[in-house]
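This report refers to the structure that appears directly beneath it.
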Protein chains: 2
Amino acid sequence: MTRNNENRAILPEPTIRRLPWYLSYVRMLDNLHIEYVSSTQISKELNVQSSQIAKDLSFLNIRGKTRIGYEVRSLVTELEDFLGFNRHHNAVVIGTGSLGTALMQDHGLENYGLNIVAGFDVRDEVIGQCVGGVPVYDINQLASWRRTHDVSIAILTVPVERAQQTAELAIASGMTALWNFTPIRIKASDDVVIANTSIYAHLAIIYNRMHGNDQK
Amino acid sequence: MTRNNENRAILPEPTIRRLPWYLSYVRMLDNLHIEYVSSTQISKELNVQSSQIAKDLSFLNIRGKTRIGYEVRSLVTELEDFLGFNRHHNAVVIGTGSLGTALMQDHGLENYGLNIVAGFDVRDEVIGQCVGGVPVYDINQLASWRRTHDVSIAILTVPVERAQQTAELAIASGMTALWNFTPIRIKASDDVVIANTSIYAHLAIIYNRMHGNDQK
């Protein structure tokens, strides 16, 4: 399979957000041994305009066939490949509280290419323990540990007041991507990849929309 | 304190996403007994343009004072009030796997106004148990349970292939807001509030940005 360089270009974020929806859907079809799917069918199922779907999928090395649609198996493979879900990416969890622990125990992440290989914490009672088969080390060991481990992604699940300093420590240790679950913005240079999964911001959106609806 | 009706209007999502950043930051200042903060200072700390901050905060009933800035304590209260974090919102978790369990154990959510009052599942081994002090019931009891409980928010942490049917069950039971943690889009009528927290989509963004950076 050939891959164009353009396929590695930085995609618009809305497209990247929709692609996993398509993948989840076609994976389900694949499990049901369904061979073809049209963009109309995806559109109906996911409530996304079919022109948008065609546009999003045009970034991939796959073309639908007239009147038949996309081959489901190829679409699964292409999407997994394109999204990076079928490659291994090692990560550490920094802050092994309830959320950090949940991520370490969530084997679903492996289906999306993420291997959590270690946890780091400041608390004596968790250092030296294992969570979901993953060892937890002292945060002070991060830099030296990193030198002998090929890991680029740090998952930040520390308390908010430690977020920035922990991020800086992770970056100084050689991490190039931070998955930030804390509710604060992390400052870092532009060459560090930062994804914010601020679940509290989503709560604010829910509350705002609910109260907005009350107004009607 | 008076509140304009416009403040209950549906805000642009980027603004709602930034407001919790400001809140996290001013809460930290408040803990340090700092009394005033300027938008320049917030800007520097959070890497958001100060004109943007002034615009975002203009939705609130608060005005900065020339040369002094915003009063920290008032800003905390106004932001909490505006974002709905100081009101109680009852919720149930549907699907008490690792993520669902983590959310039930995360007492941090209470600081953001969310009370998880029950969990629901299909698995006999968890039904009747308690997680983080919260009881887990049979999903088949959801509709009857809902009739006697004032709960509008359902948190969906079920396996992806059950997401749509579970969402429909939750809506039929009277839930008006769904916090969808599954990687698939939920179809529902427009009067249902849906927030998607697709952590896998964020992984795709990280991978894409990392590989994008490799190209340089």
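Annotations
- Within a Gaussian network of chain A (alpha carbon springs, distance under 10 Å), most fluctuating of A:Ile68, A:Ile194, A:Ile184: A:Ile68
- GNM result for chain A, Cα springs below 10 Å: residue of A:Glu110, A:Glu168, A:Glu125 fluctuating most strongly: A:Glu125
- Charge dipole (debye, nearest 20) of region A:116-194; +1 at Cβ of Lys and Arg, -1 at Cβ of Asp and Glu: 100 debye
- Normalised contact order of chain A, rounded percent, pairs of Cα under 8 Å and 6 or more residues apart: 13 percent
- Simple point charges give the picture: +1 on the Cβ of Lys and Arg, -1 on the Cβ of Asp and Glu, and for the protein assembly as shown a dipole about the Cα centre of about 1180 debye.
- Table column - 3J(HN,Hα) (Hz), region B:139-151, Karplus curve with 6.51, -1.76, 1.60, x for Gly and Pro: 4, 5, 8, 4, 4, 6, 4, 4, 4, 10, 10, 8, 9
- Separation of alpha-carbon centers, region B:183-208 and region B:19-57, rounded to whole Å: 28 Å
- Inter-label distance, A:Glu13 to A:Lys55: 1.8 nm, where each label sits 7 Å from its Cα along the C-beta direction.
- Across the identical copies, the label point of B:Arg73 (7 Å from Cα in the Cβ direction) is separated from its matches by 6.9 nm, in order from shortest.
- Of all chain A C-beta atoms, the nearest to the rotation axis linking A with B is recorded, alongside its rounded Å distance, as A:Ala102, 1.
- Annotation: average projected area of region A:79-216 is 10.5 square nanometres, based on the convex hull of Cα atoms across all directions.
- Mean separation of Cα pairs under 8 Å and 6 or more residues apart, divided by the residue count, gives region B:13-83 a relative contact order of 44 percent.
- In the protein assembly as shown, lysine pairs with alpha-carbon atoms under 20 angstrom apart (chain gap of 8 or more, or interchain): 8
- Backbone amide hydrogens, once placed in the peptide plane, bring B:Ser38 within less than 5 Å of B:Tyr70, excluding anything fewer than 5 places away on its chain.
- Gaussian network model of chain B, Cα within-10 Å springs - most flexible of B:Thr148, B:Thr166, B:Thr96: B:Thr148
Throughout, read-outs are computed from the coordinates displayed, never taken from laboratory work. Just so you know, these numbers come straight off a predicted model, no measurement behind them. Note that we place each Cβ from the backbone using ideal geometry, even for glycine, and neighbour counts take in every protein chain shown.
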